[in-house]
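Working notes for the structure below.
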Amino acid sequence: MERTGTFVLAAGGTGGHLFPAQALAEELTRRGHAIHLMTDERVRDYGKSFPAVETHIVPSATLSLSKPWAVPGRALRLYGGYRTARAILKRVKPLAVIGFGGYPSFPPIMAASRLKIPSCVHDQNAVMGRANRVLARWADAVASSFPELMGLPPEARGKLTVTGNPVRDIALRQQGAAYPPFDCFNLLVFGGSQGAQFFGEFMPEVFAAMSSAERAGIRLTQQVRAENMDSVGKAYRAMDLDCELSPFFTDMPQRIAQAHLVVCRSGASTIAELGVIGRPAVMVPLPHALDNDQLRNAESFAAAGAGWVHPQASLAPKAFAQFLTSLRSQQPQLQQAAAAALGHGRPDAARRLADLAERLAGIQRA
C-alpha cells in the first residue's frame, strides 16, 4: 500500500501506554500511513509486535518534587530527550504527533509544539496522568478514554474529545465473544508484574480456604511471576486444582473470552479489553498508585454493572473465597455483568482517535 503520510506516536514503555498506541498504529497503518514510535527501553518487553517503521529510544525522566536533589539531573535528561526528539521530528517530518502519556512522551510533544507540528495527548485513565496534565497545555488536542476526565487543566477543556481507549487488533478479534457455557467455571487471574506478585501470594490462600467441593469444577488460568511458579504450582497441585500457570500469556484476549469471570488489576488497557470482549471482573486496584487512577477506572467499570471492586488492603482469603463461591453460583448475574461490560466497551476507539489524528494533520475523509 502506498504511504500517504507519517505519524509519530510517543508513549511510555509499559503495556498501559504502548497497547493503545499500538491500536492506533494498527488503524493508521490500515489507512496507509507510516508510523514512527518514540518510547523508552522498556519497549523491548512490551513492543515486540508494534507496527512501526522505526522505533526511537528517547531519553526521559520522571520529575518529582519528593526528591528535590534529583530534579536538576532529571531535568537535564529531559532536555536531552527534547533535543533528540526535535532532531528526529525534523528528519521524519510527521503530519502529527500523538502522545500516550508517561514521561517518555514529554520530549516529543514539547518538540512538536516548538516545531509547530500538530499534536494530541491521549489519556487512558479516568484520572489524567501527571505528564499529560502538563502537556495538555501545549498540545493542540486532548483525547480521553472516559467521559469524565479528572485532572484536566481548565484551559485545556476546549481541546477535549472523548474517543475511548483503543484496543489492539488481537483484542478486537474477540469482540463480543459469546459467553461460555457453564460446563465448568473458567476463572482467569492476572495483573501486570506487581499484580502477578500479589495474586501469586494471595490466590493460593483463597483456594485453600475453599472446601474440596467448592474447588471442584474450577478451571483456573493464572499469571504468575517466574520466581513464584514453583511455589504456586506446588500449592495448587496439593489441592488438586485444575490450573494453567504462566509468567506471561501472549493470547490474553482469547483467555479473557474463554473466562466466566476475571480477577485482575484495573489498568486502563485491562478495562478497555474487558469492555470490548464483554467479561465481568473482580478488580483489585493497584494500591498506592499516583492519583488512584486504577481505583477510578475500576469504579467506572463497576458503576456500569460490569464488575466488583475489592481494595487490596481490605482483602481476606476466607471472605474472598466465600465471595467467589457465591458469585460462581449466580450464573444470571454473571451473564448480566458480561453484557454490562460489553456496553461499557468502546470497540471503535482506535477509529475515533485515528479520525482525530487525521483531522489534526489536515486530512479530510469522505
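The values are calculated or read from the model by the stated rules, or taken from the named source; none is laboratory data. Keep in mind that this is a model prediction, so the values were computed, not measured. Every residue, glycine as well, gets a Cβ built from its backbone with ideal geometry; the counts of neighbours run over all protein chains shown. These accessible areas exclude ligands, DNA and RNA; they are computed on the full protein's heavy atoms, side chains included. Shrake-Rupley method; radii C 1.70, N 1.55, O 1.52, S 1.80 Å.
Which whole-number percent gives the relative contact order of region 70-198, counting Cα pairs below 8 Å spaced six or more residues apart? Relative contact order of region 70-198: 16 percent. Per residue, the chain exposes an accessible area of 44 Å² to a 1.4 Å probe, with every protein chain left in place. Summarising the amide proton neighbourhood of Trp308: residues at separation of 5 or more, or on other chains, whose placed amide H is nearer than 5 Å comprise Ala281, Val282, Met283.
Just order 352-358, 72-78, 146-152 by mean Cβ neighbour count inside 10 Å, highest at the front, would you?
Top to bottom by mean Cβ count within 10 Å: 352-358, 146-152, 72-78.
Let me have the relative contact order for the chain, percent, based on Cα pairs under 8 Å that are six or more residues apart.
Across the chain, relative contact order equals 16 percent.
Dividing the summed -39500 (n - 2.57) terms of all DSSP H runs of n ≥ 4 by the residue count of the chain sets its mean residue ellipticity at 222 nm at -13000 deg cm²/dmol. Between the residues Val53, Ile218, Gly81, the greatest Cα displacement towards the positive end of the dipole of the chain, with unit charges on the Cβ of Lys, Arg, Asp and Glu, is found for Gly81. Please label the shape of region 72-143 as rounded, prolate or oblate, based on the square roots a ≥ b ≥ c of the eigenvalues of the alpha-carbon gyration tensor (a/c under 1.5 means rounded; beyond that, a/b larger than b/c means prolate, else oblate). Oblate, because a/c is 1.5 or more while a/b does not exceed b/c. Springs between Cα atoms under 10 Å define the GNM used for the chain, and in it the highest mean-square fluctuation of Arg86, Arg265, Arg42 occurs at Arg42.
Projected onto the charge dipole of region 214-366 (+1 at Lys/Arg Cβ, -1 at Asp/Glu Cβ, origin at the Cα centre), which of Thr250, Ala235, Gln331 gives the Cα projection farthest towards the positive end? Selected residue: Gln331. Computed from phi, the 3J(HN,Hα) profile of region 29-38 under the Karplus parametrisation 6.51, -1.76, 1.60 (θ = phi - 60°) reads 5, 4, 8, x, 8, 8, 10, 10, 10, 10 Hz, with x in place of Gly and Pro.
Hey, if we sort Arg279, Arg31, Arg83, Arg346 by accessible area with the 1.4 Å probe, largest down, what's the order?
Arg83, Arg346, Arg31, Arg279
The computed Rg/Rh (Cα atoms, Kirkwood Rh) for the structure shown corresponds, within [x] 1.02; [y] 1.00; [z] 1.50, to [y].
For region 258-326, relative contact order (Cα pairs under 8 Å, six or more residues apart, normalised by length) works out to 30 percent. Candidate cross-link partners of Lys48 among the lysines, defined by an alpha-carbon separation under 30 Å and a same-chain spacing of 8 or more, comprise Lys90, Lys93.
Expressed as a whole percent, the accessible area of the chain that falls on carbon and sulfur atoms is 52 (1.4 Å probe).
Working note: Karplus 6.51/-1.76/1.60 with θ = phi - 60° gives region 243-253 the couplings 8, 10, 10, 7, x, 7, 10, 6, 10, 4, x Hz, where Gly and Pro are set to x. When Glu227, Glu27, Glu41 are compared by accessible area at a 1.4 angstrom probe, the order from most to least is Glu227, Glu41, Glu27. Protection proxy ranking, highest mean first, for peptides 238-244, 16-22: 16-22, 238-244, where packing is the per-residue count of other beta-carbon atoms within 10 Å, averaged. Quick one: net charge around Glu201, please, counting Lys, Arg +1 and Asp, Glu -1 for every other residue with C-beta under 15 Å from its C-beta. Once all neighbours under 15 Å are counted, the net charge is 0. Using Cβ point charges alone (K and R +1, D and E -1), the dipole size of the chain about the Cα centre works out to roughly 1360 debye.
Near the amide H of Ala34, within less than 5 Å, lie the amide hydrogens of Thr4, Gly5, Thr6, Phe7, all on another chain or at least 5 residues away, with H placed in the peptide plane.
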